[in-house]
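Below: one structure, written as structure tokens.
The values are calculated or read from the model by the stated rules, or taken from the named source; none is laboratory data. Everything numeric here is computed off the predicted structure, so don't read it as measured data. Neighbour counts are summed over all protein chains in view; Cβ atoms, including those assigned to glycine, are modelled from backbone coordinates with ideal geometry. Note: accessible area is taken over every heavy atom of the protein model, side chains too, but ligands, DNA and RNA are not part of it. Shrake-Rupley method; radii C 1.70, N 1.55, O 1.52, S 1.80 Å.
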Amino acid sequence: YQRRVRDPPTAIMQAGNVMVLNTNQQRETGRKAQLGNIQAAKSVADIIRSTLGPRAMLKMLLDPMGIVMTNDGNSIIRNVNVSHPAAKSMIELSRTQDEEVGDGTTSVLILAGEMLTNATDFFERNIHPTIICKGYMKALEDAEAIMNEIAVPVDQEDSTLVAQIVDSAVGTKFSGRYGALFRDLAIKAVNMVADTQPDGSIDIDIKRYARIERIAGGDLEDSHVLNGVMINKYPLHHDMPRRIENPRVLLMDCSMEYKKGESQTDVELTNEEDYKKMLDMEQSAIKQMCDNIISVKPDIVITEKGCSDLAIHYMLKAGICCMRRLRKTDNNRVAKVTGATIVNSTDEIQESDVGTMCKLFYSEKVTSEEWYSFFVECEEPKACTIIVRGGTKDTQQEIWHNLNDAMQVAKNIISSPKLLPGGGATEMAVAHGLRERAKSIQGVMQVPYTAVADALEVIPRTLAENCGATVIRLITQLRAKHANREGITWGIDGNAGVLADMQDLGIWEPQLVKVQTIRTAIESACLLLRIDDIHSGIAHKGGDSGGGQPEPTDAQKHGEEHQN
């Protein structure tokens, strides 16, 4: 008798496949998942590759709200509907870049796509993703060091140089033909909003205090920056004054009407006189509010809440101009330019809360339908309104994006006064520097390290493609220029399609934008390369969800929708 012992691996093999996941779930693992992510990212980058540079193509996007025509990377990507998770991650890159520095949204997507495309060969050579990411991150450290070496400090008071930098950002956009006008608008607005803090730092909050107001009609040349703010409101009575010099402004975020119950309120009256007493109490409460306001002798009263007819009557008798239901953001801007303090109760009004820094208030009908009120000629306004006129709604929407980009660039110059050459010169200089340093790196990590240098060349190559130049010849010549150390400022003139010295052309970009672009591209590429398993599936309501998270209740779904 012999006892037969079965080999354990053979036993496992003969046991058959064990199903762990639900059959309605899909799973991609290993090489398939990684190559799928790379292909999705490359597809997103290819969408906007032709929108880089001054000779960029426009994209027409159709949505239920109408047609959008733009070559702004963030605007295009925001309107593209994608389903692949890696593609959604790429779209998030553009949004992050736009929020952080306001420029380079197209470059960051093209760079990230190229980084991932270059990694395809590494998987075929069985290089582990961790080694690839390690090489990429080492290249990022060295790239930042090289950019610090070649960065040029800028004098913030040099208006000509600052104008050239903003020009290089706006010149590739739709508003490039009106470059000088919108460049000056952006620089003026940023300088107006800049607020020096007690510790010497400069705070520039263009999102809250520099509002772009689009008004249809007129010419584009009529666009200008107000030395104050404009609000889309009008005095509540036609007999209230519409023009006041040196006004005293009072801002409130409380209502000028009798306070109603937050829920249903029932009052039971037994005597006829009680009803009249209740009405008298309401009127006396409103009169008390108005008396408190009138006691500080304001010329203009603005509230974020409602204003009853009786309060309007008292304000009119006192000769006070009154406006209601102003947005919180607009109220903050008015407070900045007038020096007023927003009060939340009429009982707490003090003389110091009244704003007196505005020299002129007037209301007028700007278009055939809209009335606007202006607070202008202010002393040191720390908020402003940029009025954009002319064109269609599509044109104004595109100019709105371009002005935002220009203001972000001007803000970056003030925040971090260092410059790098544009036109692909910085990318080529960094690529050359990385190739030199790659010789000192030992082992397999040298391969992905060098791939970053190859990927950075996609920016000058795309610039050459978009202006119809001979790409191979131009890139070879540019590589030779940087290899011979003839100058790190040599790049590609995106208009003529020839090599040029960016210093002579005056094409500069803030160091902050370049560093953020390369850092975001490499970090996101590393993130996607380390994904080796993708699960996707839908747990049906009432069915077997196979464990995991339970189906959310209707209340939870409603809460999530509210949050979104």
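Short-range pairs are left out: with C-alpha atoms under 8 Å and at least six residues apart, the relative contact order of the chain is 25 percent.
Helix 105-118 and the longest principal axis of the C-alpha atoms of the chain enclose an angle of approximately 20°.
Between 0 and 90 degrees, the angle of helix 179-193 with respect to the longest Cα principal axis of the chain falls at about 60 degrees. Under the simplified labelling scheme, the Arg327-Ser440 pair shows an inter-label distance of 5.4 nm, with each label point 7 Å from Cα along Cα→Cβ. Taking 4.7 Å between C-beta atoms as the pairing limit, the chain has these partnerless cysteines: Cys254, Cys290, Cys307, Cys321, Cys322, Cys358, Cys378, Cys384, Cys467.
For the chain, find the longest principal axis of its Cα atoms and tell me its angle to the long axis of helix 393-415, 0 to 90°, nearest 10. Once rounded, the angle reads 80 degrees.
Could you tell me which residue out of Ile202, Val452, Ile349 lies farthest along the dipole of the chain toward its positive end? Charges go on the beta carbon: Lys and Arg +1, Asp and Glu -1, centred on the Cα centre. Of the candidates, Val452 comes out farthest on the positive side.
Put simply, the Cα atoms of the range 134-259 extend 70, 40, 30 Å along their principal axes, the longest span coming first. Over the chain, accessible surface divided per residue gives 53 Å², non-protein components excluded, 1.4 Å probe.
Relative to the 2.2 N^0.38 Å rule of thumb, the chain has a C-alpha radius of gyration ratio of 1.27. The accessible surface of the range 98-256, taken with every protein chain in place and a 1.4 Å probe, is 43 percent carbon and sulfur.
Given a 1.4 angstrom probe, I'd like the percentage of the accessible area of the range 415-524 that is carbon and sulfur, rounded to a whole number. In the range 415-524, the share of accessible area belonging to carbon and sulfur is 49 percent.
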